[in-house]
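Colleague: Structure provided below as structure tokens; questions to follow.
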Amino acid sequence: MFGMKPITGAMIDSLLWSASLLGILLLFATFIRVRFQFLKKYYISASLIAGLIGLILGPEVLGIIPKDVISSWGALSGRLIIVVLAPMLITGSFPQLGKLGRVTASQSVWSWLATAAQYAVPCLMSALLFTPVMGVNPLFASVLEQGWAGGHGTAGGMKMVFDSLHYVDGASLSITSATVGLLYGVIGGTIAINYAARKGYIHNVTTHDEKVDELLGHDHSEVGSNITISRNVIDIFAFHAGLVGGAIVIGYLLMRAMKLFFNFNLYWFIAAMLGGLVVQALIIKTKYNKCIDRPTMSRIQGLALEFLVAGAIASVKITVIVKYALPLIIQQGAFMIIMPALLFFFGPRLFKTNWFENTIVVFGTACGVVATGFLLLRLVDPELKTESAEAFAASRPFCSPFIAGGILTSMMPNLIAQYGNLTVGFAWTAAFLGIVLIARVAGLLKFTKQAA
């Protein structure tokens, strides 16, 4: 039905076996993560460690884990991104700027500018240098934003996009880009904080407390889910999984309809996110809307994301990284200069107060993941006394569905394949300048510093 093939018992057995092995790697990686303090210092997650262990044990290095298992992990990662994105717009309410409207708008502008640069510059570099001089595939230009702003989850999920465009090297390069971006986000962000502190831009710098126990236990446990519907009716996790399932099915039907009626390839993970918006619209005016619990949705996304990241990293092809070593060094190295330059230029011109706090949280997110952004924010605002965290959260609905793993991220490889890097690069350069102009007209951006 709907073009799907029946799943045999043998297929389910293989899936259960592969997923269980990946779960064991995640468990082992958790033990390593809490044991070695330097991993905490650089904010290396257990899923990243698990993926690296799988990569070492796989056919690319030691050959202990069979190639078929690694291939299954890579395929699983490409599908789990659907589960990660499907609940994104099922929030129980529609986004509002709220009382922090100006700061939220400025953070949104800064997010769009950082991401537009990650689209434009790599495209122009590929058009003018990598493809004509080094013979690099034009789609290489898209891996910077997928990895840095998108993170490991997006990078792993883009495998299906690259596969559809017959660029088998893309997924490995995207994961590598995400790893570089994550490490640079922490290290480069810390360097930027130390510089800003010396210049007097911030006053509450703290150090990362390596003695804090990350095994919380019962006495210090955090609430990860709220029971919003009686257990006599359904388990809260199952209820939310049903909502996610509805979003995925609607997304699949939307994807098929777009292909059938408009001959347009809408990837399932983006269609599922739009399906989530449909679910939201259908349920928001009913009494069941109050049963939607965002922490529970986050747990579903988190479960899928941990397995996605571990599987994607484990399936990276090292030979591909070696093959692309020089263009990777040039591309990634360029943004190690560009990102802090954008931070220190636009930060004091977009925000009237607490400009560094408001800018560094987006910087960390645009280089690594949201957790990286909040790690850096905690260093400069340990008690979250500024409006930065709240404004950042309020700005995400205006950014996440589109950039850093959203619709535009999924479209970039296709746009490059259809129009070429030069055209796409100039288009994003124009978009960057257009965002600057709109922010200036709206009174959000001043060409002179607004904050000291």
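Colleague: Just checking: which of the helices (runs of 4 or more DSSP H) contained wholly in the range 362-452 hold 1 or more residues that are open to solvent by less than 30 Å² (accessible area, probe 1.4 Å), over 30 Å from residue 166 (Cβ atoms) and not polar (S, T, N, Q)? Can you show your working first?
Modeller: On the way: elements: 370-380, 388-395, 407-419, 421-441.
Fully inside the range 362-452 and qualifying: 370-380, 388-395, 421-441.
Colleague: Determine whether residue 426 is aromatic (Phe, Trp, Tyr), out of contact with any Gly (no Cβ under 7 Å at 6 or more places or on another chain) and at pLDDT below 95.
Modeller: On the way: aromatic (Phe, Trp, Tyr): yes; out of contact with any Gly (no Cβ under 7 Å at 6 or more places or on another chain): yes; at pLDDT below 95: no.
No; evaluated as a whole, the condition is false for this residue.
Colleague: Report yes if some residue within the range 433-446 is at pLDDT below 80, β-branched (Val, Ile, Thr) and under 21 Å from residue 339 (Cβ atoms); otherwise report no. Walk me through how you get there before you give the answer.
Modeller: So the first thing to find is which residues in the range 433-446 are at pLDDT below 80, and the list is none.
The answer is no; no qualifying residue exists.
Colleague: Of the residues in the range 146-174, how many are crowded, with 24+ Cβ neighbours inside 10 Å and out of contact with any Gly (no Cβ under 9 Å at 6 or more places or on another chain)?
Modeller: 2
Colleague: If you take the residues in the range 21-60 that are of a type outside the set (A, V, I, L, M) and part of a loop (DSSP other than H, G, I, E, B), which one is farthest from residue 179 (Cα to Cα)?
Modeller: Restricting attention to the range 21-60, the residues satisfying the condition of being of a type outside the set (A, V, I, L, M) are 23, 28, 30-31, 33, 35-38, 40-43, 45, 47, 51, 54, 58-60.
Among the residues that remain, those that are also part of a loop (DSSP other than H, G, I, E, B) are: 36, 42-43, 45, 58-60.
Numbers: 36: 19, 42: 12, 43: 12, 45: 11, 58: 19, 59: 20, 60: 18 Å.
Step by step, filter the range 21-60, then rank; the result is 59.
Residues checked against (1) in a helix (DSSP H, G or I); (2) open to solvent by less than 30 Å² (accessible area, probe 1.4 Å):
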| site | (1), (2) |
| --- | --- |
| 234 | no, no |
| 239 | yes, no |
| 261 | yes, no |
| 272 | yes, yes |
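Colleague: Quick check: is even one residue across the range 291-300 open to solvent by less than 90 Å² (accessible area, probe 1.4 Å), touching a residue at least 24 places away in the same chain (Cβ under 8 Å) and basic (Lys, Arg)?
Modeller: The answer is yes; a qualifying residue exists.
Colleague: Now for a separate question. Which ones in the range 195-212 are modelled with pLDDT of 80 or more and surrounded by 12 or more Cβ atoms within 10 Å (Cβ to Cβ)?
Modeller: 195, 196, 197, 201, 202
Colleague: Now, a different point. Taking residue 117, is it touching a residue at least 12 places away in the same chain (Cβ under 8 Å), under 22 Å from residue 83 (Cβ atoms) and aliphatic (A, V, I, L, M)?
Modeller: Details: touching a residue at least 12 places away in the same chain (Cβ under 8 Å): yes; under 22 Å from residue 83 (Cβ atoms): no; aliphatic (A, V, I, L, M): yes.
Here the answer is no, as residue 117 does not meet what is asked.
Colleague: Something else: Of all residues in the range 306-332 being part of a helix (DSSP H, G or I) and open to solvent by 70 Å² or more (accessible area, probe 1.4 Å), which is farthest from residue 49 (Cα to Cα)? Before you say what the answer is, go through the steps one by one.
Modeller: Initial filter on the range 306-332 (part of a helix (DSSP H, G or I)): 306-314, 318-323, 325-332.
In the following step, the residues that additionally are open to solvent by 70 Å² or more (accessible area, probe 1.4 Å) were identified as 306, 319, 322-323, 326, 329.
Working: 306: 11, 319: 20, 322: 21, 323: 24, 326: 25, 329: 23 Å.
Filtering first and then ranking leaves 326.
Colleague: Which of (1) touching a His at 6+ places or on another chain (Cβ under 8 Å); (2) surrounded by fewer than 18 Cβ atoms within 10 Å (Cβ to Cβ) is the odd one out, the single condition residue 47 does not satisfy?
Modeller: All conditions pass for residue 47, except number (2).
Colleague: Suppose we filter the range 129-158 for residues that are without any contact (Cβ under 8 Å) to a residue 60 or more places away in the chain and over 19 Å from the mean Cα position of the chain (by Cα); how many remain?
Modeller: 4
Colleague: Six or more apart or on different chains, Cβ atoms under 7 Å: show the pairs whose first residue is in the range 425-439 and farther than 14 Å from residue 350 by Cβ and whose second is among the hydroxyl-bearing types (Ser, Thr, Tyr) and modelled with pLDDT of 95 or more.
Modeller: Pairs found: 428/119.
Colleague: Next question, about the same structure. Please verify whether residue 103 is farther than 17 Å from residue 405 by Cβ, open to solvent by less than 50 Å² (accessible area, probe 1.4 Å) and under 25 Å from the mean Cα position of the chain (by Cα), treating the condition exactly as stated. Break it down into steps so the answer makes sense when it comes.
Modeller: Working: farther than 17 Å from residue 405 by Cβ: yes; open to solvent by less than 50 Å² (accessible area, probe 1.4 Å): yes; under 25 Å from the mean Cα position of the chain (by Cα): yes.
So residue 103 passes the test.
Every residue, every condition in (1) more than 30 Å from residue 15 (Cα to Cα); (2) open to solvent by 40 Å² or more (accessible area, probe 1.4 Å); (3) of a type in the set (Lys, Arg), yes or no:
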site: 55; (1), (2), (3): no, no, no
site: 71; (1), (2), (3): no, yes, no
site: 86; (1), (2), (3): no, no, no
site: 140; (1), (2), (3): yes, no, no
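Colleague: Continuing with the same structure: Given the residues 319, 372, 353, which is the only one that is touching a residue at least 60 places away in the same chain (Cβ under 8 Å) and in contact with a helix residue (DSSP H, G or I) (Cβ under 8 Å, 6 or more places away or on another chain)? Steps first, please.
Modeller: Values: 319 fails: in contact with a helix residue (DSSP H, G or I) (Cβ under 8 Å, 6 or more places away or on another chain); 353 fails: in contact with a helix residue (DSSP H, G or I) (Cβ under 8 Å, 6 or more places away or on another chain).
Just a single option satisfies the conditions, and that option is 372.
Colleague: Next question, about the same structure. Evaluate the following for residue 357: is it in a helix (DSSP H, G or I), of a type in the set (D, E, K, R) and open to solvent by less than 40 Å² (accessible area, probe 1.4 Å)? Quick ask: steps written out before the conclusion?
Modeller: Numbers: in a helix (DSSP H, G or I): yes; of a type in the set (D, E, K, R): yes; open to solvent by less than 40 Å² (accessible area, probe 1.4 Å): yes.
It is true that residue 357 is in a helix (DSSP H, G or I), of a type in the set (D, E, K, R) and open to solvent by less than 40 Å² (accessible area, probe 1.4 Å).
The values are calculated or read from the model by the stated rules, or taken from the named source; none is laboratory data. None of these values were measured; they are calculated from a predicted model. Ideal geometry is used to build each Cβ from the backbone, glycine not excepted, and the neighbour counts take in all protein chains shown. Protein only, heavy atoms only, side chains kept; ligands, DNA and RNA dropped before computing areas. Shrake-Rupley method; radii C 1.70, N 1.55, O 1.52, S 1.80 Å.
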